[in-house]
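Participant: Sharing a structure here in structure tokens format.
The values are calculated or read from the model by the stated rules, or taken from the named source; none is laboratory data. Keep in mind it's a predicted model, so treat the numbers as computed, not measured. Ideal geometry is used to build each Cβ from the backbone, glycine not excepted, and the neighbour counts take in all protein chains shown. The protein model used for the area step is the full one, side chains on, heavy atoms only, and it has no ligands, DNA or RNA in it. Shrake-Rupley method; radii C 1.70, N 1.55, O 1.52, S 1.80 Å.
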Amino acid sequence: MDKNSWIGMALILAVLFGWSYYTRPSEEQIKQYRERQDSIARVEQANQLAREQANKNTSATAVLSDADDKDTAAVAKLLTDQFGDFAPFATGNREFNTIENDLMKITFTNLGGRISSVELKNYKTCDSTPLVLFSGDSAVFSLDFFAQNRRISTGNLFFAQTATVKGGVVDTDSAQVIYALNLDNNRSMEFVYTIYRNSYEIGFDVRMNKMNKLILTQMRYMQLNWQAYITGFEKGRKWETMNSTVAYRYWNDDVDMISEQKETASETINSKLQWIDFKQQFFNMALVSNTGFLNANISKQKVQDSKYFSKFTADISVPFEGTDSETISMRMFYGPNQYNILKDLGIGLQNIIPLGRSIFRWVNVGIVIPLFNLLGKFISNYGIIILIMTIIIKLVLFPLTYKSYISTGKMTALKPEIDKLNEKYPKQEDAMKKQQATMELYKKAGINPMGGCLPMLLQMPLLIAMFRFFPASIELRQQSFLWCDDLSTYDAILNLPFNIPWYGDHVSLFCLLMTVVNILYIKLNGQATGGQQMPGMKMMMYMMPVMMLFWFNDYAAALSYYYFISLLITIVQTYVMRRFVNTEALLAKIHETKKKTTVKSNFQKRMEEAAKKRGIKF
């Protein structure tokens, strides 16, 4: 750097130090600042005590009652500075009001004019305690907006209750609970809750009168801040965690969600939304807009806690037109993930239930659920329902099973001739000749090589659909059968004092029985095919049940029970078919078919022509 540069830097530093010294606060200003900070601290303490000391009937005003007049005036000024015209509602006593209908017990609080807790009366946790979806400070529900150049959150304001349910029980079709902020000049904001007698839905309207004179209207929206710590209700905490997330639906369109496999994630949605849902394995909390949310930021965050396992948040933009009289109409749902209940809402909320995608979901919705519900009308034991449902399904699929068995029998009967072809064409360059000769042999014998595989492939959608159906069925929750006390989770008959990687710390009996029967079925099927599998493939077939033993140990006992019964019935069917299907007559029929003149198909002709062009002779 040259001399001029050094001089310039020195002058700049001199100016900075001089300005700092000239503008430093005086002792009197420092004293005023400290007094202001002390007053703010007292206000914050008052607000905090007003929220947290609900049972002690402590208010912010009472906390400050011992202060001198100067402090009281200072605090009043600070409240006005912080809340503007909403300052009268910044202090108060926290009160609670509990309302019940047939299905829920709902507790309201005047702080924020919100629902403080929801208990589902027909359900219990795995510990047989009341099932409370959320309570107290584990949830936040606040409408945020700008007024008089201040950010106001209704969650920090004390509402006045202007309407409630007499006796605390909804015994009519519907009843209303209203919390209001009544300002001067006929300005008001009301939170109107409509509770229905036999419903998990709650109507929620935000009514505003002349609030456009106070609330900033240029932004055309208000922010709804919704948060909840998610409580664990099930014995299988791992499975419950893997099936909990934040879901949403675009306006009258598709349903989407944060990946359930992610422990911590967030998404920004810049499209119009119909609803946002805090989904758990068997229960959910949904906020529905009758006119649509503008956009939202949603997130899920893993929580290390014995009671909670995740925190869900949603910052939602709610449209605000800014008229003299305006109502924002919404609905809340607090209830079970039962397919028919969610479907009857007519908003596509049933799509949060993980029943599989595309054809698998169609099988569940169109076949499995109607059959399951039909049997449930006549039978109360769900273990028996699964047994009968399995028998019905196996009977319906029996024609495919029988066709697969006959095809396998024909293939087995032709094994000696297939072996001769292998001896005739041992070289790799003769692979095409061997393939053509094999196809000719199958055609003469009237055998479709895919005849054994195709029926099994047609059954796969049902098997996969069942894999999704049973763990997602709330009807099985806490339903006992034999030694299992809850078909919706694992049936531990032995708790281990240690954890086995990929297996767990318990032994599930239905899973163990399923594995044993699966091995027996593979052995029986190997005998039926005459041991035609390659050695490596045979080993792989036996490895699959062992792998399933590890996979299914934490799964719903109903799923392992279904597969166990299904395999058992398949073994019985195989023995019956062996008894009544005459293999000698089947072989004689094959030889008789071979004697007949067969007409080559166009496909076979094209294959032979292609082979001849490559120099392959027949």
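Participant: How much length, in nm to one decimal, is gained on full extension between SER128 and ALA87, taken as 0.36 nm per residue of separation minus their Cα-Cα distance? Don't skip to the end; give the middle numbers.
Facilitator: Working: separation 41, 0.36 × 41 = 14.76 nm, distance 4.43 nm.
Gain in length upon complete extension: 10.3 nm.
Participant: Taking the Cβ of ALA180 as the centre, find all other residues whose Cβ is under 9 Å away and add up their charges (Lys, Arg: +1; Asp, Glu: -1).
Facilitator: Working: positive: ARG207; negative: GLU190.
Its environment carries a net charge of 0.
Participant: Could you give the nm distance between label points at SER188 and GLU417, where each point is 7 Å from its Cα heading toward the beta carbon?
Facilitator: It is 9.2 nm.
Participant: Mind giving me the nanometre distance, one decimal, between the label points for MET460 and ALA73, set 7 Å out from Cα along Cα→Cβ?
Facilitator: It works out to 8.4 nm between the two label points.
Participant: So what's the net charge close to TYR221: Lys and Arg +1, Asp and Glu -1, counting the other residues with Cβ under 15 Å from its Cβ?
Facilitator: -1
Participant: Once amide H atoms are placed 1.01 Å from N in the peptide plane, what residues at a sequence separation of 5 or more from PHE283, or on another chain, have their amide H within under 5 Å of its amide H?
Facilitator: For PHE283, the qualifying residues are ASN337.
Participant: For the stretch 244-293, I need the span (max minus min coordinate) of the C-alpha atoms along each principal axis, in Å, sorted largest to smallest.
Facilitator: Projected onto its principal axes, the Cα set of the stretch 244-293 covers 31, 23, 14 Å.
Participant: Which of the trypsin sites (Lys or Arg not before Pro) found in the stretch 368-407 are loop residues per DSSP with 13 or fewer other Cβ atoms within 10 Å of their Cβ?
Facilitator: Numbers: sites: LYS377, LYS394, LYS403; in loops: LYS377.
When the trypsin sites (Lys or Arg not before Pro) of the stretch 368-407 are filtered for loop state and at most 13 Cβ neighbours within 10 Å, LYS377 remain.
Participant: In Å, what Kirkwood hydrodynamic radius results for the stretch 77-222 from the alpha-carbon pair distances? Intermediate values should be presented prior to the final figure.
Facilitator: Numbers: mean 1/r = 0.0607 Å⁻¹.
Averaging 1/r across every pair of different Cα atoms and inverting gives 16.5 Å.
Participant: Which entries in the list LYS105/LYS343; LYS279/LYS302; LYS238/LYS262; LYS279/LYS300; LYS262/LYS302 go over 20 Å, if you measure between the two C-alpha atoms of each?
Facilitator: Details: LYS105/LYS343 23 Å; LYS279/LYS302 14 Å; LYS238/LYS262 13 Å; LYS279/LYS300 11 Å; LYS262/LYS302 9 Å.
Violating the 20 Å limit, Cα to Cα: LYS105/LYS343.
Participant: Report the residues of the stretch 224-244 in range of a label on SER259: point 7 Å along Cα→C-beta, backbone N strictly under 19 Å from it.
Facilitator: Answer for the stretch 224-244: 239-244.
Participant: On to the next question. Taking only protein heavy atoms into account and a 1.4 Å probe, give the accessible area per residue of the stretch 279-323 in Å².
Facilitator: Working: 1510 Å² over 45 residues.
Averaged over the residues of the stretch 279-323, the accessible area is 34 Å².
Participant: Under a plain spin-label model, where a point goes 7 Å from the Cα along Cα-to-Cβ, how far apart in nm are ALA147 and LEU395?
Facilitator: So the label points at ALA147 and LEU395 sit 6.7 nm apart.
Participant: At 0.36 nm per residue, minus the direct Cα-Cα distance, what do GLU267 and TYR503 gain on full extension? Give it in nm, one decimal, please. Could you put the intermediate results ahead of the total?
Facilitator: Working: separation 236, 0.36 × 236 = 84.96 nm, distance 3.31 nm.
Gain on extension, GLU267 to TYR503, equals 81.6 nm.
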